[in-house]
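Working notes for the structure below.
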Amino acid sequence: MAAEVMLMNEIEAKAASMGIDLIIDFNSIQLPRGEDCGIVSDDEDVYHDDHLEFDSGFGNVIVVDNLPVVPREKFEKLEGVIRKIYSQIGVIKEDGLWMPVDPETKKTLGYCFIEYNTPQEAELAKEKTNGYKLDRAHIFSVNMFDDFDKYMRVPDEWAPPEIKPYTPGENLQKWLTDEKARDQFVIRAGTDTEVLWNDARQSKTELVYKRTYWTESFVQWSPLGTYLATVHRQGAAVWGGANTFNRLMRYAHPQVKLIDFSPGEKFLVTYSSHEPSNPRDANRVVINIFDVRTGKVMRDFKGSADEFTIGGAGGVAGVSWPVFRWGGGKEDKYFAKLGKNMISVYETETFSLIDKKSLKVENVVDFSWSPTDLILALFVPELGGGNQPARVSLVQIPSKVELRQKNLFSISDCKMYWQSNGEYLAVKADRYTKTKKSTYTGFELFRIKERDIPIEVLELDNKNDKIIAFAWEPKGHRFAVIHGDNPRPDISFYSMKSSHNLGRVSKLTTLKGKQANALFWSPGGRFIVLAGLKGFNGQLEFFNVDELETMATAEHFMATDIEWDPTGRYVATAVTSVHEMENGFNIWSFHGKLLYRILKDHFFQFLWRPRPPPFLSAEKEEEILKYLKKYSKKYDAEDQDVSMLLSEQDREKRRMLKEEWEKWISEWRRASEEEKLERQKLRDGEASDEEEEYEAKEVEVEEILDFSEEVLFEE
Amino acid sequence: MRPILMKGHERPLTFLKYNRDGDLLFSCAKDHTPTVWFADNGERLGTYRGHNGAVWSCDVSRDSMRLITGSADQTVKLWNVQTGAQLYTFNFGSPARSVDFSVGDKLAVITTDPFMELTSAIHVKRIARDPTEQTEESELVIKGPQGRINRAVWGPLNRTIVSAGEDAVIRIWDSETGKLLREADKESGHKKTITSLTKSADGSHFLTGSLDKSAKLWDTRSLTLIKTYVTERPVNAVAMSPLLDHVVLGGGQDASAVTTTDHRAGKFEAKFFDKILQEEIGGVKGHFGPINALAFNPDGKSFSSGGEDGYVRLHHFDPDYFNIKI
């Protein structure tokens, strides 16, 4: 690049000395037709688009205008000043500062070019110094070189935009209409990414779509399952379609690291972090929010990583993802970000702050949205050595009215768990004991939907127990807690409803001494998998919480990941590439029967395709439940047919294999017979071919052990 | 029946071979001493002393008179089976990996490893009836395949040589001219090093085991892929039952990668597959390390396995085994 720029310098200097106004439209330079100069495009589409957007090669050059016009004597002084200002922001390339001079008057022209090492530095320099006042008369106007180029090419006359004729899109939710009501999942192993049907009836998978190098880091379903997102160096992309996976939209974001969908799939948040050229500075963070369907950037946030790392106890380094948390269920109306002493809540109508200002909360360290309602729960830790208690408050958005507040004393840490319908909020509070030497844990349970939001305190039977895991029953009123000490902690189940309907929390049962450290409720509730991951080598217990009984215990040795399918019919357990061996996944029925297992080396990801919530009304669902027997008859018959067909197919397959094998055997017999004489010759005439095709023969061997003659009678 | 644990080797086993009558079992190991055992009770009969390096493989003549062994000490030795006397030593410039007697025992095919600037090679030696007339000359030397050639065996009527090794390609060579006749299809063939190759009793088909965690069954004449058996571990050793339609795969995680957390992690089992349906039908546990060698008794009623743990395990099948139905 440096060499090229020097060349440019020379050309332009020459042109300037000859008095030619030199404007080169770099995009007008084209390679001869049919000649790619050895540059191979790996993806024609991507290459072209990205070419326009970032690849012109001058992304690291800025143009600084409104400089003083100085005679030759002062040239060096001015250059020194500019260099001083701009080298603070980033590393200017060698010969990367160029200030053209009028060849006649020998005065500068009032602008200069600066080339940085990276586009990020150039962008930062533009942001920081545009509008910089050198003195009253000289206010810098800084632009990216690429922008100049872009604006130069805007045609002078306005042309009406072309209106493309409407083309109906594909049904992106076709997969929901599968006749066999199967679910899909995506797996990533080695360089392959595959979307598969879970055909549990036939105990196998069926391929939907497979692509090598589909993504450069990971894949992710959108929350309602409509799209599959892939991540590339140039940005993110979403894929979907009725029968296969086509690229639906691309979102340009160089070096994107993380992505996040809004719950209603309307928006996609992308995140990248860039190393600063000055190692003392914090990383630069770029966050874009795209409209998923149009691909437009709705809002971008740029800044140093420090501005995005607030929260967490004691200033954990790095950005906690997602930075923006979406509220208000599937409406995608609001999103919020934690800041220093504030929570910034944006609305998606205009993508600006509600009431133009953030919600000020001194020392807030954590917040979370209700999954269904526009309520924020936020946590402020203890201040002033305990003089000011910690507190949890519930704030309504957009009115910013505090609905409920609870002060908590001698708190060391606090975690919030919402139940999926937003009916309950559990706050797990770690408190110091009187001596402050250790902590113990209690729960504050909020009943959001009841009048005045009553709060109840729950302590475990043995309040010194450590809490290992906590999980609400989805859509239900129960929760499970793993507590106690490894290696054999206890698991307790509680209900927010008690038998006498007193509105008090009640304990259902405690299972003693379980090898478990993680809880996985079925999305439909009622069933739960108690899993012992990591140190427990993949112990699984399938538990029915209605009956409080264990349905099955099993093991998927070394399992690292567990996920229920969205309908709660199947459970997938996987060993991902954190382990070298055993890579692959198992599919289980909800009651713990192993249906099938598939081994894949370098197994990275297993994700069920989410389903959108059903359109059936609650009454209709209840009705179906009531007449379940009637409906299930039909499906039972289908199941029977399938299993009949399967065993029929199986028999057929075996018959074919046997037949095929017989053919080989007879072929070999024939060849062996043909070669018999020659073989005998090789063995110097020894003929014992039949022994080579060994057959089990009954051979009677008589051995004479002893021989004696006795005279029995003597007369 | 309880397996018979045969302790005698001090280093990992490398190869096992029954004689034709099935009464003797020859074992090779990384210690320098091939050993012969009674194949029915596991009693040690004797050893063959003379090698100065790991012994990689052996073969015994049809009449059980001669033993041939290939060793990392860059020699191949002929022995008198009965007395244990060394009859002849072939010297090579690099370690000898695999040895195999031809039909009629008048020829032997030997493979040597790449070493220093030498490439790997397949040598054909004529074996004299009278050891005093034995000469060093090779009838034929074949070079070409990249990397180690882990196994080379004779095809039907000694007309061809089948080789397999590190480059994962099975090749069939003309044993007269050394010309390459066939190469296994890259698509359907093995993806990683082929560690083992064993012929059926009549030589019509053979089985290969590979680090790609599979074993494949091929037709010896046409090199057609007939069956594939997929397992969870790299395959180091394979064997075929001469009696039933069963194949056995042995292997396990590479000894250097074995975790110390759980004995199940290594899966050092001998896995039985149905030869025709390609389905796993059972497993025999026991070794504390990967299985490096497997052999079936020619009567099909017992088999032995040799492990990285230095033990040979001799298994006589229970009567139930012969009634397996799937």
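With neighbours defined as other Cβ atoms within 10 Å of a residue's Cβ, the residues A:Lys296, A:Lys93, A:Lys164, A:Lys126 order from fewest to most as A:Lys164, A:Lys296, A:Lys93, A:Lys126.
Sorting A:203-211, B:189-197 by average packing, meaning the other beta carbons within 10 Å per residue, from highest down gives B:189-197, A:203-211.
Going from the residue with the fewest nearby Cβ atoms within 10 Å to the one with the most, A:Ile467, A:Ile482, A:Ile624, A:Ile528 rank A:Ile624, A:Ile467, A:Ile528, A:Ile482. Placing dummy labels 7 Å off each Cα toward the beta-carbon, the span from A:Lys437 to A:Glu127 is 5.0 nm.
Size descriptors for chain B (Cα atoms only): Rg and Dmax, in that order, 18.3, 56 Å.
Applying 1/(1 + (r/R0)^6) with r as the Cβ-Cβ distance of A:Tyr151 and A:Met298 and R0 = 30 angstrom yields a FRET efficiency of 0.85. Here's how it looks for A:Gln388: its modeled amide H is under 5 Å from those of A:Leu383, which are all 5 or more places away or on a different chain. For the protein assembly as shown, compute Rh as the Kirkwood radius over C-alpha pairs and then the Stokes-Einstein diffusion coefficient at 20 °C and 1.002 mPa s; write the answer in µm²/s, rounded to an integer. For these conditions, the coefficient is 60 µm²/s. For chain A, the longest principal axis of the C-alpha atoms and the axis of helix A:2-17 are separated by about 30°. Axis angle, to the nearest 10 degrees, between helix A:72-87 and the longest C-alpha principal axis of chain A: 30 degrees. Distance between the modelled labels on B:Met65 and B:Glu10, one decimal in nanometres: 3.4 nm (7 Å Cα→Cβ projection).
Peptide B:199-206 has a mean of 4 when you count, residue by residue, the C-beta atoms of other protein chains within 10 Å of its C-beta. Amide H contacts of B:Arg97 (H built 1.01 Å from N, in plane; Pro and chain starts excluded): B:Thr111, B:Thr112, B:Asp113 sit under 5 Å, all sequence-distant by 5 or more or on other chains. Averaged over peptide A:672-684, the number of partner chain Cβ atoms lying within 10 Å of each residue's Cβ comes to 3.
Note down the Stokes-Einstein diffusion coefficient of the stretch A:561-600 in µm²/s, whole number, using a Kirkwood radius over alpha carbon pairs, 10 °C, and 1.306 mPa s. Using the Kirkwood radius from Cα pairs, D works out to 153 µm²/s. The chymotrypsin sites (Phe, Trp or Tyr not before Pro) found in the stretch A:404-471 that occupy coil by DSSP, while having at most 12 further C-beta atoms within 10 Å, are A:Phe409.
Multiplying the sequence separation of B:Leu244 and B:Glu136 by 0.36 nm and subtracting their Cα-Cα distance, what value in nm do you get? Don't skip to the end; give the middle numbers.
Working: separation 108, 0.36 × 108 = 38.88 nm, distance 4.11 nm.
Full-extension gain reported as 34.8 nm.
A simple charge model with +1 on the Cβ of Lys and Arg, -1 on the Cβ of Asp and Glu and nothing else charged puts the dipole of the stretch A:216-360 at about 120 debye relative to its Cα centre.
Ellipticity at 222 nm from helices only: DSSP H runs of n ≥ 4 in chain A, each -39500 (n - 2.57), divided by the residue count, give -6000 deg cm²/dmol. Shielding of peptide A:217-228 by partners, expressed as the average count of other chain Cβ atoms within 10 Å per residue Cβ, is 0. Projecting the Cα positions of A:Leu353, A:Met249, B:Ile110 onto the charge dipole of the protein assembly as shown (unit charges on Cβ atoms of Lys, Arg, Asp and Glu, taken about the Cα centre) puts A:Leu353 furthest along the positive direction. Against chain A, whose longest principal axis comes from its Cα atoms, helix A:44-54 is set at around 30 degrees. Based on the alpha-carbon gyration tensor of the stretch A:227-268 and its eigenvalue square roots a ≥ b ≥ c, which shape applies: rounded if a/c is under 1.5, prolate if not and a/b is larger than b/c, or oblate? Since a/c reaches 1.5 but b/c is at least a/b, the shape of the stretch A:227-268 is classed as oblate. Going by neighbour counts of Cβ atoms within 10 Å, the residues A:Thr167, B:Thr89 line up, fewest first, as A:Thr167, B:Thr89.
We did not get these values from a lab; they are worked out from the coordinates using the rules stated. On a predicted model such as this, the values are computed, not experimentally measured, just so you know. For neighbour counting, all protein chains shown are included, and Cβ atoms are generated from backbone atoms with ideal geometry for every residue, glycine included.
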